[in-house]
Amino acid sequence: MTLLSLVNCDARLASIPMLLKGRLQWSLLAITITSGILSLVFAQRGDESSPPTTTAVAVTTVPPTTTIYVAPVRYIVQSGDSLFAIASKYMLDMKALMEMNGITDSDHVEAGQELIFPPATGFVPVAPSTTMKP
């Protein structure tokens, strides 16, 4: 160390008592140092044993759903009806209509034959717009 650095260090140390003139400043310094030491001590104590952890099991209940039974729609084939015309008129999938009724030939349905329509899916078809383009 040089002489100049010693003088500067000595001057700094000499200025500390000037800054800490009153009892309030000394008390604040003592409280700051004490709280710093205590925080270090408690921080090291926390590393040795961590507090026990608890886990909670969340129980969720699902409310029961209400199922509404809707009787299947039955249709009696009229003279001159075709399976395609029936499916188009009632907006049904022709393949699903054939599967539900055990029909293998889509061109062969008899007048008086009873058809069961597939259940509704909740989809409501909307007619295309009739507004003309400008």
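What follows draws every value from the coordinates through simple rules; no lab data is involved. The structure presented is a predicted model; accordingly, all values stated were derived computationally and were not measured. Glycine gets a Cβ as well: all are built from the backbone with ideal geometry, and neighbour counts include every protein chain shown.
In table form, for the structure just shown:
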quantity	calculated
Per DSSP, loop GluC sites (Glu not before Pro) in segment 56-115 with at most 12 further Cβ within 10 Å	Glu110
Nonlocal amide H pairs with Leu115, under 5 Å, H built at 1.01 Å	Tyr75, Ile76, Val77
Gained length - Ala58 relative to Met94, 0.36 nm times residue gap less alpha-carbon distance	8.2 nm
Segment 74-116: translational diffusion in µm²/s, Stokes-Einstein, Kirkwood Rh over Cα pairs, 20 °C, 1.002 mPa s	211 µm²/s
